[in-house]
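*Asks:* Below you will find the structure I want to go over with you.
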């Protein structure tokens, strides 16, 4: 069941719907606000829209990097599992 949450990002209050637990929503909001703060610390005087876009780009870059790492790890685990299966077959 979706819950409505009032969140604040870039001094804007928003109402969002989410299936997530309260703590997870709070963690997401905190994560986004931290990324925005990182942008604000490195780039002074940016318009709000530009800050939001740069934060979204930074988050997207991090997500894509982690997806790549996850894919590599999954492939490695699959290869190891196949080798173990083959070793078990060979010993029987």
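Read-outs throughout are calculated quantities, based only on the coordinates presented, and are distinct from any laboratory measurement. Small disclaimer: the values here were computed from a predicted structure and weren't measured. When we count neighbours, we look across all protein chains shown, and the Cβ atoms used for this are built from the backbone with ideal geometry, even at glycine.
*Asks:* Return one number: the angle in degrees, 0 to 90 and rounded to the nearest 10, between the long axis of the Cα atoms of helix 48-91 and the longest principal axis of the Cα atoms of the chain.
*Replies:* Its long axis makes an angle of about 10 degrees.
*Asks:* Using only the alpha-carbon atoms, how far is helix 22-42 inclined from the longest principal axis of the chain? Give it as 0 to 90 degrees, nearest 10.
*Replies:* Helix 22-42 and the main axis of the chain meet at about 70 degrees.
*Asks:* Ok, one more. Determine by what factor the alpha-carbon radius of gyration of the stretch 3-91 differs from 2.2 N^0.38 Å, reporting the quotient.
*Replies:* Values: Rg = 20.4 Å, N = 89, 2.2 N^0.38 = 12.1 Å.
Here the answer is 1.68, to two decimals.
*Asks:* Hey, what number do you get for the chain at 222 nm if only DSSP H runs of n ≥ 4 count, each worth -39500 (n - 2.57), divided across all residues, to the nearest 500? Write out the running numbers ahead of the final one.
*Replies:* Working: 2 runs with 65 residues, N = 92.
After summing the helix terms and dividing by residue count, I get -25500 deg cm²/dmol.
*Asks:* Sort 5-13, 30-38, 42-50 by the packing proxy (mean of other Cβ within 10 Å over each peptide's residues), most packed first. Don't skip to the answer; put the middle values down first.
*Replies:* Working: 5-13: 11.3, 30-38: 14.2, 42-50: 9.6.
Those peptides, ordered most packed to least, come out 30-38, 5-13, 42-50.
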